[in-house]
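All remarks here apply to the structure that follows.
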Amino acid sequence: RHAGWIAAAGGLVDSSIPVVILFPEVDFDEKAFLDKVDNNVKEFGYCTIVVSEGTKWPDGRFLAEQGTRDDFGHAQLGGAAPVVANLIKNALGYKFHWAVADYLQRSARHLASDSDVEQAYALGQAAVEMALEGKNSVMPAIVRISNNPYKWEIGCGELKDVANVEKMMPNNYISEDGFSITDSCREYLLPLIEGENYPPYNDGLPNYVVLKKSKVVQKLPPFEV
């Protein structure tokens with residue numbers, strides 16, 4: 001949530017749809033934002049806004065900061081949408097509706113792409129293989145080889161190099177005005193949503209696999225942080 005990757009996906013919609021994206025990598029400029037929203041509403045009749053929970057004021061405070069912190073000392077965030085909605089209501093008087101994706105952005109299997117499913121399976125398989133090989137304090141990682149055609153492979157990363165590290169969006173992935181994505185970002189993101197991969201359904205409900213969860217003998221020594 002401190003990086004704008006998920007929010008950036010909102011920029012993949014048709015260019016005729018008025019979308020404003022708030023990225024954690026860009027300080028929140030209230031006046032520029034409200035002007036952008038106002039212009040969109042006047043031109044299109046509405047405006048869709050994608051808000052990252054990590055969006056910050058120029059002084060470094062998070063729009064959604066709750067006053068609590070996680071185990072790494074990071075501010076616990078939540079509720080950026082109502083903050084932005086109230087800004088719009090108070091400044092522009094527009095009606096609004098807001099929704100929080102919350103855990104659905106991580107668990108909505110029925111919206112997974114072919115790329116999602118293929119890479120998730122490959123990562124899980126690689127993790128088991130690494131454990132069987134006796135490797136410890138590592139994690140499998142997706143290494144992109146090319147965008148078009150989309151090629152990738154599974155690499156191996158040390159946990160000490162991964163834990164508590166955030167991969168921020170490059171500057172050239174965010175538009176000059178700070179409210180949308182660039183063609184470079186689009187080229188990077190599009191392969192990740194290629195192909196529909198719906199789970200099987202029974203009587204209108206997704207039929208998910210139920211794991212037996214059989215315990216096996218521990219293969220690795222305990223990991224020490």
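The values are calculated or read from the model by the stated rules, or taken from the named source; none is laboratory data. The structure presented is a predicted model; accordingly, all values stated were derived computationally and were not measured. Heads up, the Cβs are rebuilt from the backbone with ideal geometry, glycines too, and the neighbour counts pull from every protein chain shown.
For this structure, a couple of remarks:
- The one condition in (1) part of a helix (DSSP H, G or I); (2) touching a helix residue (DSSP H, G or I) at 6+ places or on another chain (Cβ under 7 Å); (3) at pLDDT below 95 that Asp38 fails to fulfil: (3)
- Looking only at residues in the stretch 171-188 that are in contact (Cβ under 8 Å) with a residue 12 or more places away in the chain and in a loop (DSSP other than H, G, I, E, B), the one that is surrounded by the fewest Cβ atoms within 10 Å (Cβ to Cβ) is Asp177.
- Conditions (1) touching a residue at least 60 places away in the same chain (Cβ under 8 Å); (2) touching an Asp or Glu at 6+ places or on another chain (Cβ under 8 Å); (3) not hydroxyl-bearing (Ser, Thr, Tyr); number of the one not met by Leu132: (2)
- Only one entry of Pro149, Pro221 meets the criterion of being free of Cβ contacts under 8 Å to residues at least 60 places away in the same chain and assigned to a loop (DSSP other than H, G, I, E, B), and that entry is Pro149.
- Applying the criterion of being of a type outside the set (D, E, K, R) and touching a Pro at 6+ places or on another chain (Cβ under 6 Å) to the residues of the stretch 4-40, the residue that is surrounded by the fewest Cβ atoms within 10 Å (Cβ to Cβ) is Asn40.
- Residue in the stretch 196-207 that is surrounded by 11 or more Cβ atoms within 10 Å (Cβ to Cβ), part of a loop (DSSP other than H, G, I, E, B) and not β-branched (Val, Ile, Thr) present: yes
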